[in-house]
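The values are calculated or read from the model by the stated rules, or taken from the named source; none is laboratory data. Since the model is a prediction, treat every value here as computed from it, not as a measurement. Cβ: placed from backbone, ideal geometry, glycine included. Neighbour counts: every protein chain shown.
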Amino acid sequence: MKKVQLAIVGGGPAGLAAAIAAREAGLQDILIIERGEALGGILGQCIHAGFGLHTFGQELTGPEYAQRFIDRVEDMKIPYLLGTMVLDINENKVLTVTGRETGLIQIQAEAIVLAMGCRERPRGALNIPGTRPAGIYSAGTAQRLVNLEGYLPGKNVVILGSGDIGLIMARRMTLEGAKVHAVAEVMPYSGGLKRNIVQCLDDFNIPLLLSTTVVDIQGRGHIESVTLAQVDERRKPIPGTEKVIPCDTLLLSVGLLPENELSLSAGVALDGVTGGPVVGDDLATSVPGVFACGNVLHVHDLVDFVSEEAGRAGRSAAEYVLHRRSAGRTVALRGKNGVRYTVPQHIDADAMADTVTVRFRVGQPYRGAALCAWAGDRLIRRIPKRILTPGEMESFPIRKADIPADCDTITFTVEEAAQ
Amino acid sequence: MTRQLTCIGCPMGCQLTATVENGVVTTVTGNTCKRGDDYARKECVAPMRTVTGTVRMADGRVVSVRTRTDVPKAKMFDVAEAFNRARPAAPLHIGDVVIADVCGTGVDVVATSNRE
Amino acid sequence: MYDVLIVGGGAVGCAVARELSRYQLNMCLVERGEDVCVGTSKANSAIVHAGFDAAPGTLKARFNVEGSEMMEDLSRELDFDYRRNGALVLCFHEADMPRLRELHQRGKKNHVQGLEILWGDALRKKEPALSDKVYAALYAPTSAIVCPFGMTVALYENARKNGCQFQFDTAVETIERTGDHFTVHTSRGDMAARVVVSCAGVHGDTLHNQLCHKQYHTVPRRGEYCLLDKKDGKIVDRTIFQLPSAMGKGILVTPTVHGNLLLGPTAADQEDRDSVATTAAGLDTVTATAALSVPGLPMRDVITSFAGLRAHLAETDDFVIGESAENFFEALGIESPGLTSAPAIGQYLAKAVAEKLRAAEKADFDPTRRDIPHLREMDFEARAALVAENPAYGNVICRCEGISEGEIVEAIHRGARSLDGVKRRCRAGMGRCQGGFCSPKVMALLCRELGVPMEALTKSGGGSYLVQGMTKEAQA
């Protein structure tokens, strides 16, 4: 059986950054396994600008951002397989891999970095009633068709979901000559960046309909129209508010789900909220030697944070192979009062770096609030926030020196502004 | 004349009101920080955008492109039209000029991915 | 002039075609859709019913039990997915026990083997996820699950191999007698045949009423379903029914042969014979009613919902099967247990037609057919050998279901012309992302293998085009 010190599952932004960091940490024997035909993952189809402000101080497009990491991987001569998919990972870190070039083989890894990314939530997950005609695409599928394959799904478009992919596709379809009639969002606020709302919708006079959803889809062979309706506070459609919009395309941008089927096959424990592995500050999962980073761990909104997080996973994996760190005192992290989850879910108060960035999302928008970290009833750190929204991942640095010796749990909360 | 706009500086999305007189922004209200003031002054007088898209190559494949820097917002559709007309030949590499001085903006359109 | 023209490429039509292809007959099957298995046969509960539900003495009872007994052997002969998982009919109140016992008795009269009533602990030991409100249940060990697409496509391929012709995108409009044969007017011209076998699902009454004195009216009965992710396919092992009502067998919870969990169907009569739209109310009913049998179903794992139409007849609760007018044979009103009954109906009608035409059996009839290899189910060595032989089997296209390029190419070579055609034959796009990742790749393979441009590809035939054109084309 082929052996490798570190197998990296996925050659997108997370896998690439993990590979580079592991090599920089001194690990030689690394293999990136990518199922697509090119490295770079989903960035290849994200041809809009806005990537890399944190990492490179400039606004790159997705392919440009990816290429910087691909070039590093090439320069470092880190081996990779393309068009090759990992079918299974067992508890002993044996990967079953298939590809045109490799055939069906097994690879024994000493350490594994999970970097498989996420997938889009399909229509079925929303249970949108109506017919099941052609012309309904998830936004990412349409993005691939338009940007990589050069085909236009349709010319009269309705978009459900105002996350960033939906907003970006509204502009993209418009610039390709399509008419985007509306972007509907079931929540009373958009999950997308303000900049995208202005530059992808307002610039083109595309209406953003908040508290609105698709309640019916019409058309037998091909989609002919959708019915939109306003929803109440419990997201139930309000009778009498229905409006039929003729269209030939419905794009769904209704959420991303970490793709953890392989993690499960390896026996990795998952977090019910993030849908990704439960990890420590070194991004180690519950299975020794298996690490996770990027959108397979939790869905990010900035690739810069993915790269940074993946670097940490790559370094930890190298450390695991080269000189295992000794385990110290585990402190659990948890979210409460508006903080939906934390990544990592626990830290090692002895072995951790001087500062560990804890990331999480809040459950609803807040203005003039503060984020707090508590050890029992002691406030460790308080960070005032003018604005918190579920669409933006928060980063909360925890200093090793601030963790009390008797602390076994740190709780993160939103402190709401006084009314 | 006044203009309403949404600040893009952060998720706050402050609703700004800018007063424009003779092509100059005299006052900005509604902002909660300096970024809003700066944004409104630029956006009202000379709004700029980076335009990205694809170009079909002579061999039928598509390649992603961008304006190297931002261009006047009013020219967005003209630039997109120019993307539609170009038919560059392979190979193309990131940064290669696909359209020089697009629509008289003085800005080049460059490839953002490699096509051998 | 054909000896036999079969109308309708659903499970019954394909079963008739396969059984008739045993004989020396010049025959053709016409189907209004772009493929076989595009009507009632593609959207149902996928159950091989044991046969306790149908009233004794009816055609439903007869063909149900016969079909159920044939199915396992047929699944081996034609290589389609089938699993005898058993079924439970739940009774929630002591007061309903007479109805459960009646079902038990009915099953015995229909010669259903192994029926027994289970109580409390014995019941929950078999199915721990059942509601603790369940009082008792009728256990039917012979009930099974089947892949309706797999079965119908297998029958089609085997019929084709044995000489039956198939013509798609051909809707029969009217039928008339011309001397000693029929002239069938279709959307693609006239066809002549000595015998017509109508297996036209919800459209069956249209043909029947043109030729027969006694008139029937089909009332399409819509059933809505929710399909859950494979990770939930083991929540129950058996098919879980509730006590049936006048409208049907009620909402069931069942694993599918592919390991998903299926909930449904509702039952609502409609006039429209083509609309298979789901409704908010219907999907809510599925959710609420299924939860009575199995509480806490993870509805956030629903990957798709769909609706199908059962061909219910206004005039009778039974099937109408046989030679309804001289040389006009039919299977009319084939609602549940139609899928189960299909092989038996096919056998029965084929024999009747062959006798009528005094057709001789073929010496070279080949009853076997092999499915496209299921790589995901192979052991490592077998799979590695296949990949070594043909690297396209090593290239995974549909990541959720683990379907390779080789399997998809074979599906196309065997007749798939659309995304749904590929999906039904090899499950590419049938998984948890519902084709989000693989659709563009499957589309590229369809273009390559069929030699057609992307703009010509459809989701499911007709006008269901997948793209409206190339970008930049207006300027080219």
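Name the residue, out of C:E323, C:E271, that is away from chain A (no Cβ under 14 Å) and under 20 Å from C:R18 (Cα atoms). Even if it seems obvious, please write down each step before you answer.
Values: C:E271 fails: under 20 Å from C:R18 (Cα atoms).
Being away from chain A (no Cβ under 14 Å) and under 20 Å from C:R18 (Cα atoms) holds for just one of C:E323, C:E271, which is C:E323.
Just for region A:202-220: of the residues that are more than 14 Å from chain C (Cβ to nearest Cβ) and among the hydrophobic types (A, V, I, L, M, F, W, C), which one is farthest from A:V244 (Cα to Cα)? That would be A:F204. The single condition from (1) of a type outside the set (S, T, Y); (2) modelled with pLDDT of 95 or more; (3) surrounded by fewer than 23 Cβ atoms within 10 Å (Cβ to Cβ); (4) not in a strand (DSSP E or B) that C:R300 fails is (2).
Just one of (1) within 11 Å of chain A (Cβ to nearest Cβ); (2) surrounded by fewer than 21 Cβ atoms within 10 Å (Cβ to Cβ) fails for C:V286. It is (2). Condition (residue is within 24 Å of the chain's Cα centre (by Cα) and either within 14 Å of chain A (Cβ to nearest Cβ) or basic (K, R) (or both)) applied to region C:330-345: is it met by at least one residue? Scanning region C:330-345, I find no residue that is within 24 Å of the chain's Cα centre (by Cα) and either within 14 Å of chain A (Cβ to nearest Cβ) or basic (K, R) (or both), so the answer is no. C:G264 - would you say it is surrounded by fewer than 20 Cβ atoms within 10 Å (Cβ to Cβ) and either under 18 Å from the mean Cα position of the chain (by Cα) or aromatic (F, W, Y) (or both)? No.
Please verify whether region C:56-67 includes one or more residues that are acidic (D, E) and at positive phi. First the steps, then the outcome.
Narrowing region C:56-67 to residues acidic (D, E): C:66.
Next cut, at positive phi only: none.
No, region C:56-67 contains no residue that is acidic (D, E) and at positive phi.
Given the options A:I217, A:I223, A:I197, A:I245, name the one that is crowded, with 22+ Cβ neighbours inside 10 Å, in contact (Cβ under 8 Å) with a residue 12 or more places away in the chain and more than 30 Å from C:D229 (Cα to Cα). Don't jump to the end; show me each part of the working.
Numbers: A:I217 fails: more than 30 Å from C:D229 (Cα to Cα); A:I223 fails: more than 30 Å from C:D229 (Cα to Cα); A:I245 fails: crowded, with 22+ Cβ neighbours inside 10 Å.
None of the other options fit; the residue is A:I197.
When C:G250, C:G233 are checked against the criterion of being under 25 Å from C:A311 (Cβ atoms) and either among the aliphatic types (A, V, I, L, M) or away from every other protein chain (no Cβ under 13 Å) (or both), a single residue qualifies: C:G250.
The rows are residues; the columns are (1) of a type outside the set (A, V, I, L, M, F, W, C); (2) over 13 Å from the mean Cα position of the chain (by Cα).
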site: B:R3; (1), (2): yes, yes
site: B:T27; (1), (2): yes, yes
site: B:G53; (1), (2): yes, no
site: B:T67; (1), (2): yes, no
site: B:V109; (1), (2): no, no
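Total residues in region C:148-170 satisfying the condition of being among the polar types (S, T, N, Q) and either in contact with a Ser or Thr (Cβ under 6 Å, 6 or more places away or on another chain) or free of Cβ contacts under 8 Å to residues at least 60 places away in the same chain (or both): the figure is 3. Against the condition of a type in the set (S, T, Y), within 14 Å of chain A (Cβ to nearest Cβ) and over 16 Å from the mean Cα position of the chain (by Cα), how does C:T316 come out, does it pass? Here the answer is no, as C:T316 does not meet what is asked.
For B:L5, state whether it is in a strand (DSSP E or B) and either at the interface with another protein chain (Cβ under 10 Å from one of its Cβ atoms) or within 27 Å of A:C46 (Cα to Cα) (or both). Don't jump to the end; show me each part of the working.
Numbers: in a strand (DSSP E or B): yes; either at the interface with another protein chain (Cβ under 10 Å from one of its Cβ atoms) or within 27 Å of A:C46 (Cα to Cα) (or both): yes.
Taking the combined requirement at face value, the residue satisfies it.
Considered as a group, the residues in region A:7-60 that are assigned to a helix (DSSP H, G or I) and within 14 Å of chain B (Cβ to nearest Cβ) include one that is surrounded by the most Cβ atoms within 10 Å (Cβ to Cβ), and that residue is A:G41. Pairs meeting the criteria (first residue in region C:382-400 and at the interface with another protein chain (Cβ under 7 Å from one of its Cβ atoms), second residue of a type in the set (V, I, T) and surrounded by fewer than 18 Cβ atoms within 10 Å (Cβ to Cβ), beta carbons under 6 Å, at least 6 apart or on different chains) are lacking. Among the residues in region A:94-102, are any modelled with pLDDT of 95 or more and closer than 30 Å to C:G282 by Cβ? No, the conditions are met nowhere in region A:94-102.
The condition (being basic (K, R) and in the same structural domain as C:F329 (by TED's automatic domain parsing)) is satisfied by just one residue among C:K362, C:K351, C:K423: C:K351.
Summed over region C:179-203, residues that are over 23 Å from C:I321 (Cα atoms) and part of a loop (DSSP other than H, G, I, E, B) total 3. Does B:R115 meet the test of being among the basic types (K, R) and within 13 Å of chain A (Cβ to nearest Cβ)? Taking the combined requirement at face value, the residue satisfies it.
Just so you know, in region A:226-270 the residues that are away from every other protein chain (no Cβ under 12 Å) and among the small types (G, A, S) include one that is farthest from C:C398 (Cα to Cα), and it is A:G240. Summed over region A:90-125, residues that are more than 11 Å from every other protein chain (Cβ to nearest Cβ), in a strand (DSSP E or B) and crowded, with 21+ Cβ neighbours inside 10 Å total 7. Residue count for region B:46-79 under the criterion of being surrounded by fewer than 18 Cβ atoms within 10 Å (Cβ to Cβ) and among the small types (G, A, S): the result is 4. For region A:34-53, a residue qualifies if it is closer than 12 Å to A:D304 by Cβ and more than 17 Å from the chain's Cα centre (by Cα), and exactly one does: A:L53.
For region C:428-476, the tally of residues that are more than 10 Å from chain A (Cβ to nearest Cβ) and at positive phi stands at 2. Only one of the numbered conditions (1) more than 19 Å from A:A139 (Cα to Cα); (2) assigned to a loop (DSSP other than H, G, I, E, B); (3) among the small types (G, A, S) is not met by C:G421, and that is (2).
Of these, C:Q113, C:Q105, which one is surrounded by fewer than 16 Cβ atoms within 10 Å (Cβ to Cβ), of a type in the set (S, T, N, Q) and part of a loop (DSSP other than H, G, I, E, B)? It would help to see each step written out before you state the result.
Values: C:Q105 fails: part of a loop (DSSP other than H, G, I, E, B).
Checking each option against the conditions leaves just C:Q113.
Within region B:22-42, which residues are in contact with a strand residue (DSSP E or B) (Cβ under 9 Å, 6 or more places away or on another chain) and under 14 Å from B:M1 (Cβ atoms)? Across region B:22-42, the qualifying residues are B:V25, B:T26, B:T27, B:V28, B:A40. The condition of being over 27 Å from C:G204 (Cβ atoms), outside any strand (DSSP E or B) and more than 12 Å from every other protein chain (Cβ to nearest Cβ) holds for only one of C:A281, C:A291, that being C:A291. For region A:63-89, a residue qualifies if it is without any contact (Cβ under 8 Å) to a residue 60 or more places away in the chain and either facing another protein chain (nearest Cβ under 10 Å) or in contact with a Cys (Cβ under 8 Å, 6 or more places away or on another chain) (or both), and the qualifying residues are A:P63, A:E64, A:A66, A:Q67, A:R68, A:I70, A:D71, A:G83, A:T84, A:M85, A:L87.
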